[in-house]
Amino acid sequence: MPEPSPPRTASTGAHQPTVVLPLLGGPPAPTPARRRFPGTLTARAVLVTCAVALVSVLVTALVAVPLAVRGAERRDQAALAAQARLAADVLRVRTARQRDNAGERLIRQLRQQEIDVYVIRDGQPDRPGLPRQVVSRVAAGGNVSGRRLVAGERALVEGRALPGGDGVVLTRVTQGGPWRQVLRGLWLPLLAGLAAGVVAGLLLARRLARPIRHAATAAARLRAGDRTVRLPVEPPDEVADLAYALNGLAAALATSEGRQREFLLSVSHELRTPLTAIRGYAEALADGVLDAEAVPETGRTVLAEARHLDRLVSDLLALARLEAADFPLEPGPVDLARLAADAERTWSDRCAAVGVPFRVEVPVAPVPAYTDPGRIRQVVDGLLENALRVVPPGAPVVLAVRPVAADPAAGGIVEVRDGGPGLSDDDLAVAFERGALHQRYRGVRKVGSGLGLALAAGLVRRLGGDIAAGHAVEGGAAFTVRLPGSPYLTRTPA
């Protein structure tokens, strides 16, 4: 299919998928320098698990330590209460001598346990330090239990009343004793939690890093050109998805490169055919083996082959330029009905010359669309040329135009149908791939270079439209082009 605009460069080759070219040629992508600890996944996993373990221990300590301290204080209070009951029982002995001897022994024993003993006689303590409320309560015959300030220090207090306004009060200064005991025992679980975090982090990191390392190795082999690499699919789901993705990429690259090789072989064959004819006639002319009467016919043959070669090269250049950002487009309002009428004047004579009926189906009213008139005419000419190539004499070729909907802003449809051999359902799936139909039907029926449909599809998409292949009511193939009706509906090509 010819390219109306002259190319800016003659060195452009056939456009190939961008994913293939970096794998086949050029220097490999530089490998980023690996950062040291904690840049690796293993180091980060260990740090995270250690941090989690540390936070867990600290949170547990914040909750458990006050409970443990209160429990320790309750135990100390209960033990002090038991000592106070014992002291009260000792001081209740009947004779003063027995009481004094037993009391002195008990006081010595309690003080050895860091317990202070206050004896109240006739409502007065034997020494200062006790709060006045405690002394009054015990002297009044009441018991005291709790924490109070004794001699300026916070202490556990247990007081027991004795007959006659006497009593005994035992105190033990706390000074954060339970807190120190609990906190001294915290370092062991903290150390155990950190050790567990390190072990768990190492195990987790190895489990997570293994599929990533395998994927990196597979990607490196793919970059080196190995298309047979496959990853085992294993749980968890994220790892399985990664394996599926890389395996699918490897299969897609193998398929793409296979099609690329077939396409290059097809193009080389198409290039070689006219070049062989031109070379043969040129050698005949150079050797003088042609008669003078045969020279004009030889010139016409060489000219036809040169034109064929020029069309092939133009199609290749157009395909290569389709994805460029500066691909020239001049979209504007176009009447598709008038475009079909213009095409009829050109193609009716060409079709009549080979015995093919040509029919144009257009509505009475205009069919507006927003597109590039030159590019869409290029698409129509290419589709008609493909149809004329395959239809036998007597089979029709139809160019139809109709609006998409009653609203003119919805755009228009251009359809090319023929009564040729048509396409199978499998052919429809690959109709617009470069060289696909050429590879299938070369040597079976008349085929072109395999570039025309791919170029038509690329042009339509650049114009913001859609193209589809199907079966025609005339028995052959049908190619339907849908174009937008306004610039606001034009899709930006990906």
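All of the numbers you see were taken from the coordinates with simple rules; none came from a lab. Quantities reported herein were computed from a predicted structural model and do not represent experimental measurements. Positions of Cβ are backbone-derived with ideal geometry, glycine not excepted, and every protein chain shown enters the neighbour counts.
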Quiz item: Hey, fewest Cβ within 10 Å first, where do 238, 474 land in order?
Solution: 238, 474
Self-check item: Hz values of 3J(HN,Hα) by residue in region 455-461 - Karplus curve (6.51, -1.76, 1.60), Gly and Pro given as x
Solution: 5, 4, 5, x, 5, 4, 5
Self-check item: Assigned charges on the beta-carbon of Lys, Arg, Asp, Glu; region 332-489 dipole about Cα centre (debye)
Solution: 380 debye
Quiz item: Toward the positive end of the charge dipole of region 332-489, about the Cα centre and with charges on Cβ (Lys, Arg +1; Asp, Glu -1), which of 477, 400, 333 goes farthest?
Solution: 477
Quiz item: Among 91, 118, 106, which residue has its Cα positioned farthest towards the positive end of the charge dipole of region 48-183, with +1 placed on the Cβ of Lys and Arg, -1 on the Cβ of Asp and Glu, and the dipole taken about the Cα centre?
Solution: 91
Exercise. May I ask you to evaluate 6.51 cos²θ - 1.76 cosθ + 1.60, the Karplus curve with θ = phi - 60°, for each residue of region 249-258 and list the ³J(HN,Hα) values in order in whole Hz, giving x for glycine and proline?
Key: 5, 4, 5, 5, 5, 4, 5, 5, 5, x
Self-check item: Residue-wise HN-Hα coupling along region 130-146, computed from phi with Karplus coefficients 6.51, -1.76, 1.60 (Hz; x: Gly, Pro)
Solution: 6, x, 5, 5, 5, 4, 5, 5, 5, 5, 7, x, x, 9, 10, 8, x
Quiz prompt | Around residue 426: net Lys/Arg minus Asp/Glu count, Cβ-Cβ under 13 Å | solution = -2
Practice problem: Could you let me know the centre-to-centre spacing of region 54-77 and region 352-412, using Cα atoms, in angstrom? | Solution: 87 Å
Practice problem: List the pair-distance distribution P(r) of region 332-489, using every Cα-Cα distance, as the percent of pairs falling in each 10 Å bin from 0 up to the bin containing the longest distance, rounded to whole percents. | Solution: 11, 42, 35, 11, 1
Quiz item: What size of dipole, in debye to the nearest 20, comes out for region 48-183 about its Cα centre when the only charges are +1 on Lys and Arg C-beta atoms and -1 on Asp and Glu C-beta atoms?
Solution: 180 debye
